[in-house]
Structures are given as structure tokens and as C-alpha cells.
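Down below is the structure, laid out as C-alpha cells.
The values are calculated or read from the model by the stated rules, or taken from the named source; none is laboratory data. What you are looking at is a predicted structure, and each value in this text was computed from that prediction instead of being measured. FYI the Cβ positions are ideal-geometry reconstructions off the backbone, even for glycines, and counts take in every protein chain you see.
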Amino acid sequence: MYIPPFNTTSSSTYTQSPNPSWTYGQRVDATPAGKDWLAGESAGWKVYDTAETDRINLNKLLNSGVLPRPMALVSTISDDGVENIAPFSWFNTVTNYPPVISFAINHKSPGHLKDTTTNLRNGKGFAVNIISEAFVENANATAIDAPLGFDEWTLSGLTKEKCVCMRLDDTVQIRASRVKESAFSMEYELYKSINITHPVTGEHTSTLILAHVKYFHVRKDMLTIKGIVDLTKFKPVSRVGDISYARVGDAYRIAVPLWAREEAKIQEALTTTLASA
Ligand SMILES: Cc1cc2nc3c(=O)[nH]c(=O)nc-3n(C[C@H](O)[C@H](O)[C@H](O)COP(=O)(O)O)c2cc1C
């Protein structure tokens with residue numbers, strides 16, 4: 001199958017939302033695009049019972065259906081001082097206060113933890129580095145199933161930068177390096193490590209990591225005057241199904257509705273909808 005080269009000239013831009021004249025209560029089939037979308041329902045739904053679906057298919061479904069997933073490049077250090085780095089896409093924010101993020105690490109095989117899981121628990125801190133297009137191949141290479149004790153940094157072509165905590169006080173926890181090429185990195189302490197066990201078989205299959213951000217490192221050229229990271233410059237990568245990554249496409253803004261401001265419009269729209277029903 002021919003795959004064209006990466007389009008280096010394309011980047012995200014801001015556009016209107018898909019249906020900017022949407023009104024409260026309006027059904028999806030009110031627009032041609034909505035009608036097209038709903039036409040797909042004629043194929044019906046396939047229902048998967050997870051008790052009867054094998055791991056490979058469970059993985060396929062979660063990896064291709066829960067999209068897009070942000071990418072964490074996690075850098076840790078072992079008790080012996082061997083540095084480690086690996087990408088994780090089962091990753092997201094949890095709360096902003098305290099600033100906590102999560103990611104889940106599967107076991108390599110039953111009873112065998114990945115190096116990242118072992119290192120995260122040693123109290124030496126770690127970093128999560130957001131991956132941008134310019135170094136996605138470098139980051140992807142760190143997923144290699146290297147033997148225990150091999151430092152994936154050496155093959156990645158990425159640059160180690162000391163974490164702030166280490167620089168400020170050698171007794172403080174964060175001894176892992178962050179990725180200098182990442183425009184947005186976070187230094188962490190482990191907040192909680194939760195064993196995920198299968199509710200039926202009791203098998204411990206993976207570990208959910210909750211991590212407390214101690215420091216953010218944001219490249220200044222990425223920040224807007226509002227203190228927001230500029231998507232058009234940041235070019236973060238996302239993980240989609242199978243072995244695919246995706247660029248973030250065009251962005252569109254939709255305000256969060258406030259009842260105090262919208263109540264009259266909602267009442268009017270609902271009255272109209274009820275009258276025409
Ligand atoms: C794009 C991408 C996303 C990944 N996401 C995860 C994930 O969320 N959880 C996981 O356990 N492994 C994930 N992996 C696999 C790990 O990166 C891989 O097992 C790595 O070798 C672990 O390194 P370690 O053994 O040094 O900790 C992912 C791999 C890639 C390429």
C-alpha cells in the first residue's frame with residue numbers, strides 16, 4: 001500500500017465548529033453532515049461481551065476506539081542509576097489541583113513488570129515529556145523491548161536534561177532526566193500506584209500510576225500571551241488505532257454554556273421543539 005510522505009507544510013488552524021448555528025434541542029439529522037453520519041446506523045451495532053473477547057481484541061477495541069490519546073514519554077531512573085525512557089498512550093490528566101496525571105502500564109508478561117513500573121516506585125521521581133511531531137520517531141524507538149538495564153536514551157537521539165529538583169537540592173527525589181527536545185515536560189513524584197486486577201480471575205495485569213506534578217517546563221516560544229500552549233506551534237502527536245499516530249487537526253472553539261446566560265434561549269428552543277412535536 002502506497003503511503004504518501006508526511007505533509008510538513010500542513011499545520012493546525014482555527015476554524016468554525018461543524019455546526020455553528022446549532023440550537024438547543026436540535027437533532028443531529030438537522031444538517032446534511034448529520035444525516036450522513038446517522039445513515040451509518042443502517043449497518044447496525046456489533047456488541048462485544050468482554051467476558052468472551054480475548055486480550056488481543058480487547059486491546060484492538062480500546063486502542064482504536066478511545067481516541068485520540070495523548071502521548072507521554074516517561075523518563076525514569078533505576079535504583080542502580082540506569083536511566084530508562086518509554087512511551088505510554090494510556091495517559092491523561094486527572095486533576096488540576098493538586099496537579100495529578102495518570103497512566104497505565106501493562107505487565108510485560110504475568111508477574112513481570114516493565115522497567116518503568118519498577119523504577120516509578122523507587123521514590124527517585126520521574127518525568128513525563130509530551131511528544132511533538134519533530135521527534136516522534138525518536139520517541140517511538142524507545143518502546144523497544146530492550147534487555148533489563150539497557151538505557152533506551154542511547155538509541156533515541158534525544159537529549160537528557162536534569163530535572164529542577166535534582167539541580168536545587170541533591171537530596172530531593174527527582175533524579176530522572178527530562179527530554180530537552182520536549183516543549184512541555186513535567187517532573188513528578190509518585191502519588192499512588194494502583195494494582196489493576198481482573199475482577200473475575202484476580203490476575204494482576206497492569207498498574208495504574210497517579211503522579212503529582214512538581215514542576216512544569218514549558219518552552220517559552222510555545223506560550224501565548226494568555227499563558228496557553230499554542231497548539232499550532234506545539235504540534236503534539238496523538239495515538240490512534242493499531243500502530244498509528246495522528247497529528248492534531250484544525251481546532252474549533254465552542255463555549256461552555258452557562259445556565260444564567262442561556263436559560264431564556266433554552267426555554268424558547270424547547271417550547272418550539274415541543275410545539276412542533
Ligand atoms: C505509541 C506507544 C504507546 C504505548 N503505550 C503504552 C501504554 O499505555 N501502556 C503500556 O504498558 N505500554 C505502552 N507501550 C509499550 C511500552 O512503551 C513498551 O512496552 C516499553 O518497552 C516499556 O518500556 P520499559 O520496559 O523500559 O518500561 C506503548 C508503546 C508505543 C509505541
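Points worth noting:
- Exclusive hit being within 13 Å of the ligand (Cβ to nearest atom) and free of Cβ contacts under 8 Å to residues at least 60 places away in the same chain, set Ala141, Ala176: Ala141
- Residues located in region 91-106, provided they are touching a Ser or Thr at 6+ places or on another chain (Cβ under 6 Å) and near the ligand (Cβ under 8 Å from one of its atoms): Ala104, Ile105, Asn106
- Any hit, region 115-137, residues being of a type in the set (D, E, K, R), farther than 26 Å from Leu231 by Cβ and within 11 Å of the ligand (Cβ to nearest atom): yes
- Filtered by the rule that a residue be surrounded by 10 or more Cβ atoms within 10 Å (Cβ to Cβ) and in a loop (DSSP other than H, G, I, E, B), region 28-64 gives Thr31, Tyr48, Thr53.
- Count - residues of region 71-80 that are out of contact with any strand residue (DSSP E or B) (no Cβ under 6 Å at 6 or more places or on another chain) and surrounded by 13 or more Cβ atoms within 10 Å (Cβ to Cβ): 1
- Qualifying strands (runs of 3 or more DSSP E) (wholly inside region 99-207; at least 2 residues being among the small types (Gly, Ala, Ser)): 99-106, 184-197
- Test for Leu73: is it more than 20 Å from Arg178 (Cβ to Cβ) and in contact with a helix residue (DSSP H, G or I) (Cβ under 8 Å, 6 or more places away or on another chain): no
- Phe126 hydrophobic (A, V, I, L, M, F, W, C) and surrounded by fewer than 15 Cβ atoms within 10 Å (Cβ to Cβ): no
- Filter result for Val94 (closer than 24 Å to Ser156 by Cα and either in a strand (DSSP E or B) or of a type in the set (Phe, Trp, Tyr) (or both)): no
- Filter result (on the phi < 0 side of the Ramachandran plot and modelled with pLDDT under 95) within region 133-152: Asp145, Ala146, Pro147, Leu148, Phe150, Asp151, Glu152
- Index of the failed condition, Ala176 passing every other in (1) surrounded by fewer than 20 Cβ atoms within 10 Å (Cβ to Cβ); (2) at pLDDT below 95: (1)
- Scope region 223-259; condition in a strand (DSSP E or B), touching a residue at least 12 places away in the same chain (Cβ under 8 Å) and out of contact with any Leu (no Cβ under 7 Å at 6 or more places or on another chain); matching residues: Pro236, Val237, Ser238, Arg239, Tyr245, Ala246, Arg247, Tyr252
- Residue in region 13-25 that is assigned to a helix (DSSP H, G or I) and surrounded by 10 or more Cβ atoms within 10 Å (Cβ to Cβ) present: no
- Matching option when the condition is of a type outside the set (Lys, Arg) and within 16 Å of the ligand (Cβ to nearest atom), among Val218, Val248, Val213: Val248
- The residues of region 65-90 that are near the ligand (Cβ under 9 Å from one of its atoms), of a type outside the set (A, V, I, L, M, F, W, C), within 22 Å of Arg247 (Cα to Cα) and assigned to a strand (DSSP E or B), listed by number, are Arg69, Pro87.
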